[in-house]
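Asks: One structure, pasted below without further comment.
Nothing in this text is a laboratory measurement; each read-out follows from the coordinates by a stated rule. All values derive from a computational prediction rather than experimental measurement. Reconstructed Cβ throughout: ideal geometry from the backbone, glycine too, with neighbour counts over all protein chains shown.
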Amino acid sequence: MKEDKEEVKLIEGEDYYLAPEGYKVFTEKFHLKRGHCCRSGCRHCPYGFDKKTGTIKK
């Protein structure tokens with residue numbers, strides 16, 4: 001049985017912006033609203049994830 005997920009509306013300029021290459025870049029505010037680190041090495045990660053070492057700095 002599938003669970004219904006609440007649809008999340010992203011706001012350009014608040015939750016993300018478009019990089020010159022055409023990618024959506026999520027802002028620090030979006031990451032904090034999400035509430036956890038995805039460990040992808042995001043450009044604006046507020047959790048201090050270091051992609052090179054695979055660790056989160058506090």
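Asks: Using only helices, what value at 222 nm comes out for the chain when you add -39,500 (n - 2.57) per DSSP H run of length 4 or more and divide by the total residues, to the nearest 500 deg cm²/dmol? Display every interim value, and only then the final one.
Replies: On the way: 1 runs with 7 residues, N = 58.
Roughly -3000 deg cm²/dmol at 222 nm, from the helical runs in the chain.
Asks: Near residue 32, within a Cβ-to-Cβ distance under 14 Å, what is the net charge of the other residues, with Lys and Arg +1 and Asp and Glu -1? Could you put the intermediate results ahead of the total?
Replies: Details: positive: 29, 33, 34; negative: 14, 15, 28.
So the environment of residue 32 carries a net charge of 0.
Asks: While we're looking at this one, here's another question. Do me a favour and compute the ellipsoid semi-axes for the chain from its Cα gyration tensor, root of five times each eigenvalue, largest one first, whole Å.
Replies: In descending order the semi-axes read 22, 18, 11 Å.
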